[in-house]
Structure formats: structure tokens, C-alpha cells
Amino acid sequence: GVGDNIVKLLEHCNCNASFIEKGVGTANRAVLDILGVTENNKEVVMSLVSEGNLDIIKSEVSAFFEASKRNRGIGFSIKLDSIAGVKLYKFLTNTL
């Protein structure tokens, strides 16, 4: 339930494109009970960030989750080798 807060944090770090999708966990009820998890609904935040901003974004997102032990998250990055379209490139590089 903190996807909006993550998107705001990313915008503050000059991220131009973020998307929030609803997700559902894959663990069965027995595993969730063992872990003490009552809800397995999730928010998945996907963002397109420049490589130059990646380290600061990792640091800011880590600090966000460190400050709140109640909220949990998994973060990872995938490098894009190419994109299609000049307008998309300008949007992602904040030069539109």
C-alpha cells in the first residue's frame, strides 16, 4: 500500500516514468501463516530511470524501507539496451 510513496520518491530523484500494478503473492496459506503474513496482495512499482540516477535511487528506496520496518519490498534493475522513438528517448532523458 505504499506504491504512491515510492513513486513520489522516484519523481524526487528525477524519474520520469513510473507505473503501479496490483499483484498477488504466490505463497500458499500454510506458508503465509508460518511467516505471520495476513495479506498477500502487493503493489508492483515499475520505473524507467537513467543509469546515472540508479545509485541514488537505490539508496533512497533502501532508506525508505529501513525507516519503516512494517513495509517490505524487493528492488532490482534491468538494463535496457535500446528504445524505439526519439520522443520516448527525450521523455526518458527529461529533454522533451
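With a Cα cut-off of under 26 Å and a minimum spacing of 8 residues unless on different chains, the lysine pairs in the chain number 19. Secondary-structure-derived ellipticity at 222 nm for the chain, considering helices only, amounts to -11500 deg cm²/dmol, per-run term -39500 (n - 2.57) for DSSP H runs with n ≥ 4. Take each peptide in 63-73, 41-51, count the other Cβ atoms within 10 Å of every residue, and average; sorted highest first, the result is 41-51, 63-73.
A quarter of the convex hull surface defined by the alpha-carbon atoms of the stretch 44-88 gives 4.1 nm² as the mean projection. Averaged per residue, the chain has 80 square angstrom of accessible surface, using a 1.4 angstrom probe with ligands and nucleic acids left out. Entry note, the stretch 1-88: relative contact order of 31 percent, from Cα contacts under 8 Å with a spacing of 6+ residues. Translational diffusion coefficient of the stretch 20-96 (Stokes-Einstein, Kirkwood radius from Cα pairs, 4 °C, 1.567 mPa s): 84 µm²/s. Taken about its Cα centre, the chain carries a charge dipole of roughly 100 debye when the Cβ of each Lys and Arg holds +1 and the Cβ of each Asp and Glu holds -1. In terms of the ratio Rg/(2.2 N^0.38 Å) built on C-alpha atoms, what value belongs to the stretch 1-48? So the stretch 1-48 has a normalised radius of gyration of 1.45.
The values are calculated or read from the model by the stated rules, or taken from the named source; none is laboratory data. Quick caveat: nothing in here was measured; it's all calculated off a predicted structure. Note that we place each Cβ from the backbone using ideal geometry, even for glycine, and neighbour counts take in every protein chain shown. SASA here: full protein model, heavy atoms, side chains in, ligands and nucleic acids out. Shrake-Rupley method; radii C 1.70, N 1.55, O 1.52, S 1.80 Å.
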